[in-house]
1. Rounded to the nearest whole Å³, what is the per residue volume of the convex hull around the Cα atoms of segment 67-176?
2. What list of ³J(HN,Hα) couplings, whole Hz, do you get for segment 161-174 from phi and the Karplus terms 6.51, -1.76, 1.60, once you set θ to phi - 60° and write x for glycine and proline?
3. With viscosity set to 1.567 mPa s and temperature to 4 °C, compute the Stokes-Einstein D of segment 82-144, Rh being the Kirkwood radius across alpha carbon pairs; µm²/s, no decimals.
4. Counting every Cα pair in segment 145-225, what percent are over 14 Å apart?
5. Read through the labelled values [x] 73, 53, 47; [y] 56, 45, 37; [z] 46, 41, 38 and report the label of the one computed as Cα extents along the principal axes in Å from the structure.
6. Angle check, please: helix 89-109 long axis (alpha carbons) against the longest principal axis of the chain (alpha carbons), in degrees 0 to 90, nearest 10.
7. In Å², what does the accessible area per residue of segment 110-203 work out to with a 1.4 Å probe?
8. Round to a whole number: what % of the accessible area of the chain belongs to carbon and sulfur, probe 1.4 Å?
Amino acid sequence: MNFESILSHHLVDHKTSHNVVATVAGLPVDLGMSPLIRTMWIACAVAVVSLTFAARSQSSFAKFLRALFEPLALFVRDEILEPIFGHHAHYYLPYFLSLFFFILTCNLLGLVPHMQAVTANPWVTAGMAICTFGLIQFAGVKEQGLVSYVVHIVPGGVPLVLWPLLFVIEVFGMFAKCISLCIRLFANILAGHIVSLAFLCMIFIFAEMSKAIGAGMVLPSVGLALFIYTMDVLVSFLQAYIFTFLTALFVGGAVHPH
């Protein structure tokens, strides 16, 4: 069994053979629906439909969904945004609720068979980290004004001669924070898939040595893989919270520089 090929099949965005190519400014643009893009669209649809249904419907199932979603939404508002943003929390709440539920839905869909592990792809997490970087700049300029925001990138009380050097360091640190967001989410989700796959592959690795040993490895390997799978459900919630909290923390630093 080729462990690398199995892993790449689940985690690498393979192009389909039915891609749609359009021409923009004389250049070909691939509009094909790869498995990664398709899963993200499904995640968006699942999140929007389920949250809208839970909020607007009065059926018993909608009440059940509301009982699941409402504590999460209130947690994001009361425990993440309000302590950081204060009276600005209501303005940024729609973005952070969208971010939290999108990441959570993508994380959970990645555990469903035949679905792509979207947040285990570094380009997806990099895209969300770029959105975080853009929101930091937007919030800082909106709340402080352009000149004041640029000035407050460097902490107050710094000698003027050191200001240019510290400005470069602070800007680099801003990029580093967003890069860490990208790597943290990508690495944690990917790690769970790798460990689960490694346990299952042990069955076939030992079966090549002896069929009896391979058969004996079925129960422990499957049991360990199911344990990791269960832990991945918890990690899905945890990583959605961590990404949302750190994004709020970074953006809050731009809103309240002191």
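The values are calculated or read from the model by the stated rules, or taken from the named source; none is laboratory data. None of the values given here were measured: they were computed from a predicted structure. Ligands, DNA and RNA are excluded from the accessible area calculation, which covers all protein heavy atoms including side chains. Shrake-Rupley method; radii C 1.70, N 1.55, O 1.52, S 1.80 Å.
1. Details: hull volume 13.3 nm³, N = 110.
In segment 67-176, the Cα convex hull volume per residue is 121 Å³.
2. 5, 8, 4, x, 5, 5, 4, 4, 5, 5, 5, 4, x, 5
3. On the way: Rh = 13.4 Å.
In µm²/s, the coefficient rounds to 97.
4. Working: 2414 of 3240 pairs.
I get 75 percent for the Cα pairs in segment 145-225 exceeding 14 Å.
5. Comparing each candidate, only [x] matches the computed number.
6. 10 degrees
7. Details: 4940 Å² over 94 residues.
Each residue of segment 110-203 exposes 53 Å² on average to a 1.4 Å probe.
8. Numbers: 11090 of 14830 Å².
Carbon and sulfur together cover 75 percent of it.
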